[in-house]
Amino acid sequence: ADVASEYVGVDVVENPTAELRGAIEALPVPDASFDLVLCTQVLEHCDDPAQAVRELRRVTAPGGRVLASTHGVQVYHPSPVDYWRWTHEGLRRLFETNAAWSSLAVEPAAGTASALAMLLGNYVEIALRRTFLARGPVWLLNTAGAALDGRSSRLRNPVPGSLIPNLHVVATVG
């Protein structure tokens, strides 16, 4: 099986598990440095998402891929800041207009029932944080949300009125 031969972590804050420190808009590495770039839950925190996408493309080698995820629906969570929420169409436009890709896919990671379960689970967890009682109800909410999404394409897919908790991007460099 193919596996990564090297992992290089980058974080904007001092992080002992990251090898490099820097903002996504100006990654401290040469052009075409990586065959695979993983960008998870970062775009909602960056100052300039368009520049971030250009930078993801810049550091990806020909034939390489960018795998990105970001929020659709989420509670406010400054870490250190929280600027953006995305729709599948907005995220597709962000990637299409700011870099050249040989292929691009933007898909919801879950649907409306999962989004509602996640949001309710956040508040259940906050209310029960000081006890050990939160784990069961949050698990049950998430399991039920995923099961409902799995049974209904109207809940699972981005349609008018839907809530999408998280979106996944797969962008390939030609």
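The values are calculated or read from the model by the stated rules, or taken from the named source; none is laboratory data. Everything numeric in this text was worked out from a predicted model, so none of it was measured. Positions of Cβ are generated from backbone atoms using ideal geometry, with glycine treated the same way; all protein chains shown enter the neighbour counts. The area values use the complete protein model at the heavy-atom level, side chains included, leaving out ligands, DNA and RNA. Shrake-Rupley method; radii C 1.70, N 1.55, O 1.52, S 1.80 Å.
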- Alpha-carbon centroids, region 138-156 and region 4-63: separation in whole Å: 32
- Task: Using +1 at the Cβ of each Lys and Arg and -1 at the Cβ of each Asp and Glu in region 1-147, identify which of Leu116, Val29, Gly63 lies farthest towards the dipole's positive end.
- Result: Leu116
- Mind ranking Glu96, Glu125, Glu25, Glu89 by accessible surface for me, highest first, 1.4 Å probe? Glu89, Glu96, Glu125, Glu25
- Given unit charges at Cβ for Lys, Arg (+) and Asp, Glu (-), the dipole magnitude of region 7-157 about its Cα centre in debye, nearest 20, is 640
- Can you tell me the Rg and the Dmax, both Å, for the Cα atoms in region 58-131? 16.2, 50
- Task: Read phi for every residue in region 23-32 and hand back ³J(HN,Hα) as whole Hz from Karplus 6.51 cos²θ - 1.76 cosθ + 1.60, θ = phi - 60°, with x for Gly and Pro.
- Result: 7, 4, 6, 8, 5, x, 9, x, 3, 6
- Message: Ignoring everything except DSSP H segments at least 4 long, calculate the 222 nm mean residue ellipticity for the chain; use -39,500 (n - 2.57) per segment, divide by total residues, nearest 500.
- Response: -10500 deg cm²/dmol
- With the contact rule set at Cα under 8 Å and sequence spacing of 6 or more, what percent relative contact order holds for the chain? 25
- In terms of modelled amide H atoms, which long-range or inter-chain residues lie less than 5 Å from the amide H of Gly72? Trp86, Asn166, Leu167
- Karplus 3J(HN,Hα) series, Hz, for region 64-80 with 6.51 cos²θ - 1.76 cosθ + 1.60 (x for Gly, Pro): x, 10, 10, 10, 10, 9, 7, 6, x, 10, 6, 6, 4, 8, x, 7, x
- Task: Hey, can you grab everything whose amide H is under 5 Å from the amide H of Val42? Only 5+ residues off in sequence or another chain; H modelled, so Pro and N-termini drop out.
- Result: Ser69
- Item | 3J(HN,Hα) from dihedral phi, region 38-47, Karplus parametrisation 6.51/-1.76/1.60, rounded to Hz, x for glycine, proline | 9, 10, 10, 6, 10, 4, 6, 9, 8, 5
- For the chain, return all DSSP H helices satisfying: extent of Cα atoms along own axis at least 15 Å; mean Kyte-Doolittle hydropathy at least -0.5. 112-128, 135-151
- Message: As an exercise, find the ratio Rg/Rh for the chain from alpha-carbon atoms, using the Kirkwood inverse-distance average for Rh.
- Response: 1.00
